[in-house]
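Below you'll find the structure, written out as structure tokens, and then a few comments.
The values are calculated or read from the model by the stated rules, or taken from the named source; none is laboratory data. The structure presented is a predicted model; accordingly, all values stated were derived computationally and were not measured. Note that each Cβ is placed from the backbone with ideal geometry, even for glycine, and that neighbours are counted across all protein chains shown.
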Amino acid sequence: MTQNVYDILMERGFIEQCTHEDEVRELLGKEKVTFYIGFDATADSLTAGHFVTVMAMMHMQRAGHRPIALLGGGTTMIGDPSGKSDMRSIMTLETIQHNADRFQQQLSKYLDFDDEKALLVNNADWLLNINYVEFLREIGIHFSVNKMLSAECYKQRMEKGLTFFEFNYMLMQSYDFWKLHKLYDCNLQLGGNDQWSNIIGGVELIRRKEQKPAFGLTLKLLTTSEGIKMGKTMKGAVWLDPNKTSPYEFYQYWRNVEDAKVEECLALLTFLPMDEVRRLGSLKDAEINTAKEVLAYEVTKIVHGEEEAQKAQEASRALFTGGFISEDMPTTTYPAARFEEGIDLITLLCDAKLATSRSDARRTIQQGGVTVNDVKITDIDKVFTNKDFNSDGALLVRKGKKSYHRYIAE
């Protein structure tokens, strides 16, 4: 008998909260369920943070259920206050549409949209032309302001000031769920654990307004052991778009996760059997690096394909064993004339975002944290010219043990 996808998601650590656990599990085990996850189009690429939800959608689709990826062309114009200390900056319609188009291209790599096995819908279709008075009469009457203000997503903002603009977000997201329920018989919403209040709003709206069952389920947010959201580096977000985060940098991010997070990431971000996940997660000391290599390879393979994963792994191994690699490493190219004049090491570090500022670069150099072509440099005034290039015609700069960058001239 095929394993219930609810049990798969539970065993792999996806599920945080569920509105009606027994009913949801039973439903997922006996019939094809249409469910949705929303993606507000705030950037032109999905991030590593989104990838947990994408993996959950893939598990659900593999089990025969139908995903709806809801692009937030309308809700992006408001901005979700959940987990935010400041109001989101307001974006133009053109930017939002461009971002939504990019999300659609990326999601098509992971989900099968043929023959309506998955749907891609944009809430701009119903939100942008909404009649506000009708909306209040139809939807607003089902929401208690007192109850809304007790929701976690609003409580966090009360001190700094919650705008009425953002206060509408829960109603809009709830309206989305109701609309998808009416249009596509969607009766389950999934989302990150920070979406719990918004998801409950939609579940209760459908149950009150339609007198029909609706359910919500939240997914684990990837965080470090300090509780900080994973998927950020000194350079910013870890993107799924290879033009924003190269496959090599993407691989390196997962290759360098903290030991305590390896098993969790293997369970959430790969399709490896759980027996293998637990075996790899139980490795200790130096052996845990083997598990990190498997994690980085498997995640990169899903996101960028097997060939790119292989290249990234080879580049990483060569660097860890002290070799040089060329095209698969983060690279900065300068005009040849710049190296004839000479470029100081602080500038090199800052340009590649290996340092957050010149003072940060200076401090790292003085503390012995920088090597160039395998030679430790502690001189903060050190200048490099093309005479310092290695046999590959490059400068290979390493910050700490794991951050590498290649500099070339053309």
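Key figures
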{"item": "Yes/no for residue 361 being of a type outside the set (Val, Ile, Thr), free of Cβ contacts under 8 Å to residues at least 60 places away in the same chain and in contact with a His (Cβ under 6 Å, 6 or more places away or on another chain)", "result": "no"}
{"item": "Residues (of a type in the set (Asp, Glu) and in contact with a Phe, Trp or Tyr (Cβ under 9 Å, 6 or more places away or on another chain)) located in the range 339-355", "result": "344, 351"}
{"item": "Selection from the range 340-370 of residues that are among the basic types (Lys, Arg) and modelled with pLDDT of 85 or more", "result": "358, 362, 363"}
{"item": "Every pair of residues 6+ apart whose Cβ atoms lie under 6 Å, when the first sits in the range 106-133 and is part of a helix (DSSP H, G or I) while the second is crowded, with 19+ Cβ neighbours inside 10 Å and at pLDDT below 90", "result": "124/73; 124/74; 127/74"}
{"item": "Qualifying residues in the range 1-28 (those that are free of Cβ contacts under 8 Å to residues at least 24 places away in the same chain and assigned to a helix (DSSP H, G or I)) - the one nearest to the chain's Cα centre (by Cα)", "result": "10"}
{"item": "Selected residue (criterion: nearest to residue 137 (Cα to Cα)) from residues of the range 174-194 that are in contact with a Ser or Thr (Cβ under 8 Å, 6 or more places away or on another chain), of a type outside the set (A, V, I, L, M) and at pLDDT 90 or above", "result": "176"}
{"item": "Residues satisfying the stated conditions in the range 180-195, i.e. surrounded by fewer than 20 Cβ atoms within 10 Å (Cβ to Cβ) and not in a helix (DSSP H, G or I)", "result": "185"}
{"item": "Within the range 29-56, tally of residues that are without any contact (Cβ under 8 Å) to a residue 60 or more places away in the chain and either over 30 Å from residue 98 (Cα atoms) or not in a loop (DSSP other than H, G, I, E, B) (or both)", "result": "5"}
{"item": "When residues of the range 229-280 are limited to those that are more than 15 Å from residue 45 (Cβ to Cβ) and among the aromatic types (Phe, Trp, Tyr), the one nearest to the chain's Cα centre (by Cα)", "result": "254"}
